[in-house]
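Okay, structure first, notes after.
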Amino acid sequence: MTALSLTPLTVTRWWLIRHAPVRNPDNVICGSSDREADTGNRAAATALAAGLPSDALWLTSPLRRSRQTAQALWSRNPRLAGTAVVEPALVEQDFGDWEGISHDTAARRDAEAAARFWDDPARHAPPGGESFATVMDRTAGALLRLTDLHAGRDLVAVIHAGTIRGALALALDLTPEAALRLRIDPWSLTRIDHHHTGTGSWSVGGVNQQAGTF
């Protein structure tokens, strides 16, 4: 009797981090606006950085709050990469004409558009912006492309609540409506893995985990 020869399964591991809180004293819609992050929570940065893999490829969105959070993590753990690839497809949802104003102001200024948006916030776009369903599509495309390109690696992506929800929608086959129910906090970690077997499959190791609990 001969032993079976098994091919090791290739797994690509995604470490999805939502950036530090945005500096937003007026509580306006930030979306894809280039707001600064408040990275002053050293305890959160230290705890999160301690659990990240040292040989990972790092990715950020083009927005400064994403890059600033990555830099804060690198500063707390010298084992980490120190450089990142900027991936435009992982930017936060574009709220178009509503960027930089409050939801109340948007409702007063664009009453009809606001009513239409809130009737179906997963699939309707703000004026001049994009829908969350569109965010899901571009996020899925980026994850699939990068997973194929970097198969078998650890990928740390410091990105946004919307794009992390989009990644989970891909992994869990969620509708846009279901994905919007997911809570994704600043400084949180979400873990998904892609298993390169057959047509490929995903598994979810944790969602919205807080620093120090993983």
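The values are calculated or read from the model by the stated rules, or taken from the named source; none is laboratory data. Everything numeric in this text was worked out from a predicted model, so none of it was measured. No Cβ is skipped: glycine too gets one built from the backbone with ideal geometry, and neighbour counts run over all protein chains shown. Each accessible area value is taken on the protein alone, full model and side chains, heavy atoms only, with ligands, DNA and RNA left out. Shrake-Rupley method; radii C 1.70, N 1.55, O 1.52, S 1.80 Å.
For this structure, a couple of remarks:
- Once the mean of 1/r is taken over each pair of separate Cα atoms and inverted, the range 34-149 shows a Kirkwood hydrodynamic radius of 16.4 Å.
- Placing +1 on the Cβ of every Lys and Arg and -1 on the Cβ of every Asp and Glu, with no other charges, gives the chain a dipole of roughly 740 debye about its Cα centre.
- Share antiparallel - DSSP beta bridges, the chain, percent rounded to 5: 55 percent
- Counting charges near residue 151 (Lys, Arg +1; Asp, Glu -1) among other residues having Cβ under 13 Å from its Cβ returns a value of 0.
- For the chain, the pair-distance distribution built from all alpha carbon pairs, in bins 5 Å wide starting at 0, is 1, 7, 14, 18, 19, 15, 10, 7, 4, 2, 1, 1, 0, 0, 0, 0 percent.
- Length gained on full extension, residue 77 to residue 177, computed as 0.36 nm times the residue gap minus the Cα-Cα distance: 32.3 nm.
- Annotation note: trypsin sites (Lys or Arg not before Pro) in the range 35-89 located in DSSP loop regions with a Cβ neighbour count of at most 12 within 10 Å are 79.
- Solvent-accessible ranking of 138, 108, largest area first, probe 1.4 Å: 108, 138
- Ligands, DNA and RNA excluded, the heavy atoms of residue 112 present near 140 Å² of accessible surface to a 1.4 Å solvent probe.
- Sites residue 197 and residue 120, calculated FRET efficiency, Cβ-Cβ separation with R0 30 Å, nearest 0.05: 0.25
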